[in-house]
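A.B. asks: Dropping the structure in here first, questions after.
The values are calculated or read from the model by the stated rules, or taken from the named source; none is laboratory data. Predicted, not measured: the structure shown is a model, and the values here were computed from it. With ideal geometry, Cβ positions are generated from the backbone for all residues, glycine too; neighbour counts draw on all protein chains shown. In case anyone asks, the SASA skips ligands and DNA or RNA and just uses the protein heavy atoms, side chains included. Shrake-Rupley method; radii C 1.70, N 1.55, O 1.52, S 1.80 Å.
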Amino acid sequence: MVMRISKISAYRVELPLHEGSYKWSGGKSVDVFDSTIVRIETDEGVEGFGEACPLGPYYLPAYASGVRAGVAELAPHLLGEDPLQLGKLNVLMDAALKGHAYVKSAIDIACWDILGKVAGQPVCHLLGGRYGEDFVLYRAISQESPEAMAQRVADYRQQGYRRFQLKVGGDPDTDIERIRAVAAVLQPGDRLVADANTGWLPHEAMRVIRGVRDIDVYIEQPCLTYEECLNIRRHCDHPFVLDEVIDGVDVLLRGRNDLAMDVVNIKISKFGGLTKARQARDLCASLGIAMTIEDSWGGDIATAAIAHLAHSTPTPLLFSSTDFNSYVTVSTAEGAPKRIHGRLAASLSPGLGIRPRMEVLGKPVIEVS
Ligand code: MG
């Protein structure tokens, strides 16, 4: 018997930040995240939820109202389709709307939630299995003065985090100071990443990597293009992470052939949902490429989806993951994973293991049935 999608709704939720704002390269910042939660209902009464939350409109080619416009565009094509046949559903979405991976992500996640509920299994089991009791998180450190960033790291260290991702990609001399100031407050076993988020020109990146040569720091996405990053990589003896330019398996394989990175950042919405992010994850795992598994941003539902993908990744290959729901002041669901000592665990309940707070979601902004 085939289950059928009977209704697709979308909700808009604002997610303010405990720190007030989040700042990264090039003066970009967000004060309140604009998140879209997608609800998929079926003719058998089982429903699923997914979330997509771009990091503002200027991080990746994705923006918040684009998620909703895209869901409205796709929804009529999906009514009557089986949410459990996820490969086929992704082929259908790609045929109906070219590109726009981030639009498809929340729909795909909601269908995984349904699949888990029908199977009576947490999504992480269906994505490959649960490795260990929990997994390691990093904390993103918003771009501020070197002293302020060092203080943030010291504070988040007190909360249990041991991995820190500094938002650099600004003035190269100040960035060298940022990395040095933070490195000075770290303890043995801690790990430091300097994420430029494409913000350095090649000559600036070259100066920064020389300026921090004696420090144990990973360099993440220094420049805008793949070729620029590859050139920096070849002049750099730090471990190297690619993020923004890795948005599909083709560029992942190119990066593997060029030995362009040691770690890649897999964001669920950058790849288009759990189905495609899992494909990239499994490929990386087979190739021995470590991963940070996360999304662009989000609240409880995105964090739950991240946790299922991260927890189902073989532990040695999971460099880090994120608990975005601890950065924001609004809770959109019960049952979402909560950080303990800088670590997180996926829910053991069927599906994503979350129950949305419908009073927080409010009235849907899109309803297609
Ligand atoms: Mg990054």
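A.B. asks: Taking the Cβ of Ile5 as the center, what net charge do the other residues with Cβ under 12 Å away carry, scoring Lys and Arg +1 and Asp and Glu -1?
C.D. replies: My count for the surroundings of Ile5 gives -3.
A.B. asks: Highest mean first, what order results for 115-124, 193-202 on Cβ atoms within 10 Å?
C.D. replies: The most tightly packed comes first, giving 193-202, 115-124.
A.B. asks: Let me ask something else about it. Considering only C-alpha atoms, what is the centroid distance from the range 16-56 to the range 187-201, in Å?
C.D. replies: Their Cα centres are 24 Å away from one another.
A.B. asks: Now for a separate question. Determine the sum of side-chain charges near Ala110: Lys and Arg each +1, Asp and Glu each -1, restricted to other residues whose C-beta is under 10 angstrom from that of Ala110.
C.D. replies: Value of the local net charge: -4.
A.B. asks: Could you tell me the convex hull volume per residue, in Å³, taken over the Cα atoms of the range 125-355?
C.D. replies: Once divided by residue count, the hull of the range 125-355 is 113 Å³.
A.B. asks: Let me ask something else. To test your reading of the geometry: what angle, between 0 and 90 degrees and rounded to tens, separates the Cα axis of helix 64-78 from the longest principal axis of the chain?
C.D. replies: 30 degrees
A.B. asks: In whole percent, and with a 1.4 Å probe on the protein chains, what portion of the accessible area of the range 217-315 is carbon and sulfur?
C.D. replies: Whole-percent figure for carbon plus sulfur exposure: 49.
A.B. asks: For the chain, find the longest principal axis of its Cα atoms and tell me its angle to the long axis of helix 274-287, 0 to 90°, nearest 10.
C.D. replies: 40 degrees
A.B. asks: Over the alpha carbons of the range 192-315, what is the largest minus smallest coordinate on each principal axis, giving the biggest first in Å?
C.D. replies: The Cα atoms of the range 192-315 stretch 39, 30, 24 Å along the principal axes, largest first.
A.B. asks: Sum up the charges of everything whose Cβ sits under 14 Å from the Cβ of Ala96, counting Lys and Arg as +1 and Asp and Glu as -1, but leave Ala96 out.
C.D. replies: -1
A.B. asks: Arranged from highest to lowest average of other beta-carbon atoms within 10 Å per residue, in what order do the peptides 309-315, 356-362 appear?
C.D. replies: Top to bottom by mean Cβ count within 10 Å: 309-315, 356-362.
A.B. asks: What are the ³J(HN,Hα) couplings of the range 201-217, residue after residue, when phi is run through the Karplus curve with 6.51, -1.76, 1.60 and θ = phi - 60°? Round to Hz, x for glycine and proline.
C.D. replies: Here the 3J(HN,Hα) series is 6, x, 5, 6, 4, 4, 5, 5, 5, 5, x, 10, 4, 8, 9, 7, 9 Hz.
A.B. asks: Dividing the convex hull volume of the alpha carbon atoms of the range 128-193 by its residue count, what do you get in Å³ per residue?
C.D. replies: Hull volume over Cα atoms, normalised by residue count, gives 98 Å³.
A.B. asks: Now for a separate question. Of the listed pairs Lys28/Lys276; Lys167/Lys267; Lys7/Lys28; Lys104/Lys167; Lys23/Lys117, which have alpha-carbon separations greater than 26 Å here?
C.D. replies: Lys28/Lys276; Lys7/Lys28; Lys104/Lys167; Lys23/Lys117
A.B. asks: Given a 1.4 angstrom probe, what's the average accessible area per residue across the chain, in square angstrom?
C.D. replies: Computed with neighbouring chains in place, this is 38 Å² per residue.
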